[in-house]
Amino acid sequence: MVLPIIIDGILLGALFAASTIGLSMFYAVTGIFNLAHGALLILGGYLVYTALSVLGIPLPAAIVFSILVLGLGTMLFYKYMLHPIRMHHLTCVIITLALLLVLERLTIVLYGPWGLPFPTFIPETAVIGGVEVSLQKIAVTALSLAAIAVLWLIMNKTWLGLAMRATIDNMNAATAAGINTEKIIMLSVFISAAITAIGGISIASTLFLSPILMSQMNMAAIAVAILAGLGSLWGIVPAAFILGFSDVVGAIYFGGWYRFVNLAVVIIIVLLVRPQGFFGAKERIA
Amino acid sequence: MSLLKVENATKRFGGNVAVNSMSLEVNEGEIVGIIGPNGSGKTTLLNLINGIIQLDSGAIYLRGKPIHNKKPHQLVRLGIGRTFQITRVFRELTVLENMLSTVETGKSGKNNLVENALKLLELVGLSDKLDARAGTLSGGQQKLLELARTLMLNPTLLLLDEPFAGVHPKIVMKLSELILDMRKKGKTFLIISHDIHTISWLSDRLVVMNEGRKVAEGSPEQIKQDREVVRAYLGV
């Protein structure tokens, strides 16, 4: 009984982590909470689907296509719609809400309101301790964790990552240190969208593609981000696994209806007991 | 030719004229102090010089070339370094990472970067704090780190905003010695300070601001006897 919980918890935790880290990174760099994050996530999956079924390109190229399109699109949206008014945080958040609604409607128009099955590339299964697990699920989990690991390496072991961490820490100090903070912000927005695309691909290949998932995954990502603490990048990983495991355990003991109730319960408890989340700062420094 | 020339600089914030037709020249190798009551426009002037805010009118020249439309990171590459009244270090980064964050400017080759950082940290007495998070340092140590980080950029002109404020006299002495040492190496300083005693013995020349304007300029001895200065500070 324990092993299936562990396996499902790991798979779900990795999916939550890859789905949320882009949201946290976007907030850390820009100071704007992106309510369209769930839409961008699922759009990442739709872009791969389009590349595979319409453009007929192989899976690795389809993943790169999704990353590039989502990355560039998010960067351009931020540059022209949000950056000029970034001091007006509430207005920016409302604009991202508008983007969520636009993307939901656009997806329905282009792909229909019904769910689309994502192609199965690896139909085989593996048996781990007597539990049968889809190899495709293992592969996307590995991809998600690898993407997070690459992000960690960039942030902590490269000169670019040092400039990004400096800009996140104190933008005015970064400017004084000669860092082109505008360039770094744009690059960081691109990277956050790239990792969001990978999160979307994980969701698409694990569940399915549907416009309904845009708002639902928004809620899941927000729950993980609040548990970790807004602006905390690496707190996302333990928070995602905590939520993943609690979701799996809750579903087993209370039933499937508990899945999304779990997220709301976690948000309420964390905000009451520790409003800054497990790893968040109590206030953001400009 | 002067190193820095500010010509009739004016900056308004709504109805408030923070800097009003301010003119100033700084020659190479000089230490010029800027003093004046609170709200006289001193920090706004520095913000205009290093591009944080833009002029409403007037001009600023560095070695005869206009710089008033340039962004702060561009001015760093042209040789202007700046420290702030409220110290701006990267609190979550280590002391060494704070120093290495200047790599973007390309002022030090990446191979020399660590070597230069260690030398400067030795100079300011922080070489035993390499792996400490900058946010855990004392206020005085953060000021030393900010100055060391600015020196990593190898600036020609350093703009220091209240470097002596709120720190122990020993740190004041250390900062002063560092400034004089750097001046011998050819650096030029424009320093805002309320510490009249320190800025007077450190500076070649003092500029006094009040209500956004220059009200007096001269040697520290001349300034101490200037009636306009007394009026500006005491309101009599």
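Table: residues versus (1) surrounded by fewer than 18 Cβ atoms within 10 Å (Cβ to Cβ); (2) more than 8 Å from every other protein chain (Cβ to nearest Cβ).
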position: B:Ile49; (1), (2): no, yes
position: B:Ser57; (1), (2): yes, yes
position: B:His73; (1), (2): no, no
position: B:Ile80; (1), (2): no, yes
position: B:Phe84; (1), (2): no, no
position: B:Thr87; (1), (2): no, yes
position: B:Phe90; (1), (2): no, no
position: B:Glu122; (1), (2): yes, yes
position: B:Gly125; (1), (2): yes, yes
Seminar exercise, completed: Those residues of region A:32-55 which are modelled with pLDDT of 90 or more and not aliphatic (A, V, I, L, M) amount to A:Phe33, A:Asn34, A:His37, A:Gly38, A:Gly44, A:Gly45, A:Tyr46, A:Tyr49, A:Thr50
Exercise. Can you tell me how many residues in region B:1-17 are within 24 Å of B:Leu62 (Cβ to Cβ), at pLDDT 90 or above and surrounded by fewer than 16 Cβ atoms within 10 Å (Cβ to Cβ)?
Worked result: 2
Exercise. For region B:32-59, how many residues are farther than 13 Å from B:Arg213 by Cα and touching a Gly at 6+ places or on another chain (Cβ under 9 Å)?
Worked result: 2
Exercise. In region A:73-91, how many are at pLDDT 90 or above and either surrounded by 14 or more Cβ atoms within 10 Å (Cβ to Cβ) or touching a Ser or Thr at 6+ places or on another chain (Cβ under 9 Å) (or both)?
Worked result: 10
For this session: Any residue in region B:1-18 that's more than 22 Å from B:Ile191 (Cβ to Cβ): show its pairings with residues that are hydroxyl-bearing (Ser, Thr, Tyr) at Cβ separation under 8 Å, as long as the two are six or more apart or on different chains.
Result: B:Asn8/B:Ser21; B:Asn8/B:Ser23; B:Asn8/B:Ser57; B:Thr10/B:Ser21; B:Thr10/B:Ser57; B:Val17/B:Thr10
For this session: Restricting attention to region A:13-41, report how many residues are more than 17 Å from A:Met214 (Cα to Cα) and among the aromatic types (Phe, Trp, Tyr).
Result: 2
Exercise. When the residues of region A:122-141 are filtered to those that are of a type outside the set (A, V, I, L, M) and touching a residue at least 24 places away in the same chain (Cβ under 8 Å), which remaining residue is surrounded by the most Cβ atoms within 10 Å (Cβ to Cβ)?
Worked result: A:Thr141
Seminar exercise, completed: Those residues of region B:164-187 which are at positive phi and either modelled with pLDDT of 90 or more or assigned to a helix (DSSP H, G or I) (or both) amount to B:Gly186
Problem set entry | In region A:142-161, the residues that are open to solvent by 10 Å² or more (accessible area, probe 1.4 Å), without any contact (Cβ under 8 Å) to a residue 12 or more places away in the chain and not hydroxyl-bearing (Ser, Thr, Tyr) | A:Ala142, A:Ala146, A:Ala149, A:Val150, A:Leu153, A:Asn156, A:Lys157, A:Trp159
For this session: Tell me, yes or no, whether region B:130-139 has at least one residue that is touching a residue at least 60 places away in the same chain (Cβ under 8 Å), at negative phi and buried (at least 21 other Cβ atoms within 10 Å of the Cβ).
Result: no
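The values are calculated or read from the model by the stated rules, or taken from the named source; none is laboratory data. Bear in mind the structure is a predicted one, so any value in this text is a computation, not a measurement. Neighbour counts are summed over all protein chains in view; Cβ atoms, including those assigned to glycine, are modelled from backbone coordinates with ideal geometry. Please note that ligands, DNA and RNA were not included when accessible areas were found on the heavy atoms of the full protein model with its side chains. Shrake-Rupley method; radii C 1.70, N 1.55, O 1.52, S 1.80 Å.
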